[in-house]
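**Student:** Below are the structure tokens for one structure; questions will follow.
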Amino acid sequence: MSDDPLMRLALLPPDERDRVIAALSMPMKVEMAGRWYTFAHGGQYWSKEAWRVWLVRAGRGFGKTRAGAEWVNGVARRIPEARIALVAATADEARRVMVEGPSGVLATARLDMRPA
């Protein structure tokens, strides 16, 4: 098994991983949330080049929602006046998955910069 605590955590079964995370102190949770980039896979990184559309076409569990939420939160932190559109099949789906879901914008926002 890896010596990297984040890798060991990532390799745990989901229920056990959830229990470990729930037992962490709030400062530890904040620190871990800020290190998403250390355990994101290559397909979850956006290009540094200028682009108008970023399409992530992948199956369930790939991390599409998390990657998008991390990008949206990053843009909102860097450019507070930015206008960002979340596009889904329905407005309810956008809210339920992309905003309020476990990998959505609210769940992945830094605690000191929660969207209103």
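The values are calculated or read from the model by the stated rules, or taken from the named source; none is laboratory data. Computed from a predicted structure; not experimentally measured. Counting neighbours? That spans all protein chains shown, and the Cβs are built from the backbone with ideal geometry, glycine included. SASA here: full protein model, heavy atoms, side chains in, ligands and nucleic acids out. Shrake-Rupley method; radii C 1.70, N 1.55, O 1.52, S 1.80 Å.
**Student:** Of the residues in the stretch 21-36, how many are touching a residue at least 40 places away in the same chain (Cβ under 8 Å) and open to solvent by 80 Å² or more (accessible area, probe 1.4 Å)?
**Tutor:** Total satisfying the criteria: 1.
**Student:** Tell me which residues, restricted to the stretch 77-95, are open to solvent by 50 Å² or more (accessible area, probe 1.4 Å) and in a helix (DSSP H, G or I).
**Tutor:** Those that are open to solvent by 50 Å² or more (accessible area, probe 1.4 Å) and in a helix (DSSP H, G or I): R77, R78, A91, D92, E93, R95.
**Student:** Which ones in the stretch 75-98 are of a type in the set (K, R) and within 19 Å of W51 (Cβ to Cβ)?
**Tutor:** R78, R83
**Student:** Here is a list: A40, A50, A76, A10. Which entry is aliphatic (A, V, I, L, M) and free of Cβ contacts under 8 Å to residues at least 24 places away in the same chain?
**Tutor:** Result: A50 is the single residue among A40, A50, A76, A10 that is aliphatic (A, V, I, L, M) and free of Cβ contacts under 8 Å to residues at least 24 places away in the same chain.
**Student:** Being loosely packed, with under 11 Cβ neighbours inside 10 Å and charged (D, E, K, R) narrows it down to one of D3, D18, so name that one.
**Tutor:** Only one candidate qualifies: D3.
**Student:** Taking M98 as meeting all but one of (1) more than 16 Å from the chain's Cα centre (by Cα); (2) surrounded by 12 or more Cβ atoms within 10 Å (Cβ to Cβ), write down the number of the exception.
**Tutor:** (1)
**Student:** Which one is modelled with the lowest pLDDT, of the residues in the stretch 6-15 that are in contact with a helix residue (DSSP H, G or I) (Cβ under 9 Å, 6 or more places away or on another chain) and open to solvent by 70 Å² or more (accessible area, probe 1.4 Å)?
**Tutor:** M7
**Student:** Out of the residues in the stretch 37-48 that are at pLDDT 75 or above and part of a helix (DSSP H, G or I), state the one that is most open to solvent (accessible area, probe 1.4 Å).
**Tutor:** In this case the residue turns out to be G42.
**Student:** A further question on this structure: Does K64 satisfy the criteria of being without any contact (Cβ under 8 Å) to a residue 60 or more places away in the chain, basic (K, R) and surrounded by 12 or more Cβ atoms within 10 Å (Cβ to Cβ)?
**Tutor:** yes
**Student:** Oh, and also: Somewhere in the stretch 44-60, is a residue among the polar types (S, T, N, Q) and under 16 Å from the mean Cα position of the chain (by Cα)?
**Tutor:** Yes, the conditions are met somewhere in the stretch 44-60.
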